[in-house]
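Colleague: First the structure, which I've put down as structure tokens, then a few questions once you've had a look.
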Amino acid sequence: MNKGLAIANPPPLSAVLSQDILHNWKEPILVLNAEHRIQFANQRFCNLTSLPWGQLEQTPLAEICRTPSLPALIHAACRSGARRDFQVKCTFSELGEVTMQLHVTPLGSHHQNAIFLTVTDITDGERSHRILQRKVETAERAELAQRDHNDLLRSILESTGDGIAVLDADGHCILWNQVSEAMLGMKPGDIPYDQWPQHFGFYLPDKVTQFPSEDLPLSHALKGEIADEAEIFVRNHARAEGFWVSMTARPLSHSQDGAVASLRDITFAKLAADALAQHAAEIARSNRELEQFAYVASHDLQEPLRMVSSYVQLLARRYRGKLDAEADEFIAYAADGAKRMQQLINDLLGYSRVGRGEAALTVVDCEALLADVLTGLAEKIQSENVRVTHDPLPKIMGHVHQLAQLFQNLMDNAIKFHSTEPAHIHISAQARDKKWVFSVADNGIGIDPEYKDRVFVIFQRLHTREAYPGTGIGLAICKKIVEQHAGLIWVEPQQPHGTAVNFTWPRD
Amino acid sequence: MSQSQVVPVRILLVEDNAADARLTRESLKECKVWNELFVVSDGEEALQFLGRTGNFSQMLRPDLILLDLNLPRKDGREVLAEIKQDPELRTIPVVILTSSAAERDIAQSYNLHANCYITKPIDLDEFSEVVRAIDGFWFSIVKLPRAAAAHS
């Protein structure tokens, strides 16, 4: 500074410099008075607000920024007397919302409590930060979602009782669950699928022959085919006793992507099915044996019985009246007993013969069949004065001989067990679902509901032989015939009295 | 007919059940035709009788054979087959008299050239009737070749 130079009120250099520096400062700078009116604003601030200095001068900053809370904030910042920073969102007419960092320096009472402010526009920074943050959050969310998805997939994989294995297009296992690992006895990861039978002990149902890898459902699925279930017997070190697996496989959305196989342990089901089949076979065999027994027994019983009855008859023929009256009586009882036993054996033979060596089913016209049966019973029908009526009867599939016996026995009973009223028998057939329901209804003496099941048991009689002759085989034979055709037979009381014997027979 | 009144007709009954044989004998007793009944109890004996070998060397050729099917040792079917394959014996009428009513037995017997097949009736009166019918049919109605002619 040269004091010799006479320049009127020249501003000191420092002031000029600082003015200049302040004006060109790369950040907006402000000086406010105590009322927060703008005393100075540099070019950057004018740029920031897009307002000329003239409009800024003496205007409260809060007005410029359209931020009513600003005075309080500045005031608070000044109170400590030291420099303070805070962020505030301001709204400018041109720029819109801008986030600013204000550095507030109170200049003190000897500068009339003016306030020096530098402003940093952190809008972009904050925006990019927010964008970044949003990106990060999105990424995290995606990762979380992915993790959730994986967890979900894993949970699903592990929650199923089936073994699941996913193979890539090369036939290598890339994903599997614990169940499959337990089934295979090791992690399937490194074993190409075509070596699975060898490595994991896959066998054909004979339990001996190795399962051909080309027949594995996986092989088909990897070729893009939907593979049917294959039953595989698996025996490996993990399950030395062996177990049954049903394998299904599906190609992943595109065949090039690989395939997914599911392995279901069907040992229990298979054992149960085997046991059931065995049980059924045993029952069938036992039934066959029983029938064979009944047949043989009744057949073989005939011989000695024939001797007994023949010789009793011979005795009666040769010695009646030649011994005493008691002898005649005894012989008569013996002859009668032998005859009854003969009848029982005959009936038993007849019963055990039902369905023995029957020919194939044929179409039977029930109308014609009933006509035949009625012709055979014409004499009885006439002597007992029975009225027989019937609805139209269908054609059904069955054995003529058996069906004739069925109708014959039912008609026989209906005639035999008539009441004191004139007998009326009505035969009908109704289509119900896939069945015919036949009914032979009479107005006879009826069957006590208590005995509705017993009447179908072989040799069960509800009346004395003297009142109603017969061994009690008729309805048992009917039941056997009906049941051999998957039908049901039952009795239904009629009003005011009488019995309807109903039975079902398959339609078509 | 006149001949049968002079000499009895000879009937061979092949039956292992003595009671049954006796019943047949009793029934034949009641018949009009004079008959002589020979009873053997198994197939071996039947063939010996017909071949007149062993204990049966003195026996004469029967006029009719009543053959049961179920016999010990050689059974009735084998006996029937051998009789019908033998040119000397095949002309003797063979009546199968059995308790079996099985279709299979009936068919098999006729295939082996049985002359008729009868299931023994259970009832004595019916049985007697059958025996009488056999007797009446084969010895009164039917003309049979004479033994000598049959041999040639």
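Colleague: Among A:397-409, A:423-435, what's the highest-first ranking by average C-beta atoms within 10 angstrom per residue?
Modeller: Values: A:397-409: 19.9, A:423-435: 15.2.
Ranking, from highest mean packing down: A:397-409, A:423-435.
Colleague: Applying a 10 Å radius around every beta-carbon, put B:115-121, A:180-186, A:76-82 in order of their mean neighbour count, most first. Walk me through the numbers before you get to the answer.
Modeller: Details: B:115-121: 17.1, A:180-186: 18.9, A:76-82: 13.4.
Listed from highest to lowest mean packing, they are A:180-186, B:115-121, A:76-82.
Colleague: With the calculation restricted to Cα positions, what are the radius of gyration and Dmax of region A:252-318 in angstrom?
Modeller: 30.2, 101
Colleague: A further question on this structure: Which log10 I(q)/I(0) values, to two decimals, does the protein assembly as shown give at q = 0.10, 0.11 Å⁻¹ under the Debye formula with one point per Cα?
Modeller: Debye output, listed in q order: -1.05, -1.13.
Colleague: Restricting to Cα pairs below 8 Å that are 6+ residues apart, what does the relative contact order work out to for chain A? Please round to a whole percent. Mind dumping the intermediate values first?
Modeller: Numbers: 802 pairs, mean separation 33.1, N = 508.
Computed value for chain A: 7 percent relative contact order.
Colleague: With +1 on each Lys and Arg Cβ and -1 on each Asp and Glu Cβ, and nothing else charged, work out how big the dipole of region A:13-121 is about its Cα centre, in Debye to the nearest 20.
Modeller: It works out to roughly 280 debye.
Colleague: Tell me, what is a quarter of the convex hull surface for the C-alpha atoms of region A:362-506, in nm² with one decimal? Before the final figure, lay out each step's value.
Modeller: Working: hull surface 33.1 nm².
In nm², the orientation-averaged hull projection of region A:362-506 is 8.3.
Colleague: Rg over Rh of region A:272-353, using C-alpha atoms and the Kirkwood radius, what does it come to?
Modeller: Rg/Rh: 1.34.
Colleague: Of A:I232, A:Q146, A:A169, which is farthest towards the positive pole of region A:144-284's charge dipole, taken about the Cα centre with +1 and -1 on the beta-carbons of Lys, Arg and Asp, Glu respectively?
Modeller: Farthest along the dipole direction, towards plus: A:Q146.
Colleague: List the cysteines of the protein assembly as shown that have no other Cys Cβ closer than 4.7 Å: which are they?
Modeller: A:C46, A:C78, A:C173, A:C366, A:C478, B:C31, B:C116
Colleague: Charges at C-beta only: +1 for Lys and Arg, -1 for Asp and Glu. How large is the resulting dipole of chain A about its Cα centre, in Debye rounded to 20?
Modeller: Roughly 960 debye, rounded to the nearest 20.
Colleague: Measure nothing fancy, just the Cα-based angle from helix A:474-484's long axis to the longest principal axis of chain A, in degrees from 0 to 90, nearest 10.
Modeller: Relative to chain A, helix A:474-484 is tipped by roughly 40 degrees.
Colleague: Now for a separate question. Can you pull the three principal axis extents for the Cα set of region A:211-306, in Å, largest first?
Modeller: Result, largest extent first: 83, 30, 20 Å.
Colleague: Within a Cβ distance under 12 Å of A:F211, other residues only, what is the Lys/Arg minus Asp/Glu net charge? The partial results should precede the final answer.
Modeller: Numbers: positive: A:K207, A:R235; negative: A:D194, A:D206, A:E214, A:D215, A:E231.
My count for the surroundings of A:F211 gives -3.
Colleague: While we're on this one: Send over the Kirkwood Rh of region B:2-151, from the inverse of the averaged 1/r over different Cα pairs, rounded to one decimal Å.
Modeller: About 15.5 Å, per the Kirkwood formula over Cα pairs.
Colleague: Tell me the relative contact order for chain B as a rounded percent, counting alpha carbon contacts under 8 Å between residues six or more apart.
Modeller: So the answer I get is 23 percent.
Colleague: Let me ask something else about it. Average the reciprocal distances over every distinct pair of alpha-carbons in region A:160-265, invert the result, and give the Kirkwood radius in Å.
Modeller: Here the Kirkwood hydrodynamic radius works out to 13.2 Å.
Colleague: So, one more: Among A:F211, A:L403, A:P71, pick out the residue whose Cα is farthest towards the positive end of the charge dipole of chain A, where Lys and Arg carry +1 and Asp and Glu carry -1 on C-beta, about the Cα centre.
Modeller: Highest projection toward the positive end goes to A:P71.
Colleague: Let me ask you something else. Using only DSSP helix segments of four residues or longer, with each worth -39500 (n - 2.57), what per-residue ellipticity at 222 nm results for the protein assembly as shown after dividing by its residue count and rounding to 500?
Modeller: Here the helix-only value at 222 nm equals -13500 deg cm²/dmol.
A short reminder: the numbers here are calculations on the coordinates, not readings from a lab. Here the structure is a predicted model, which means the values were calculated and not measured. Because the Cβ atoms are built from the backbone with ideal geometry, glycine has one as well, and the counts that use them run over all protein chains shown.
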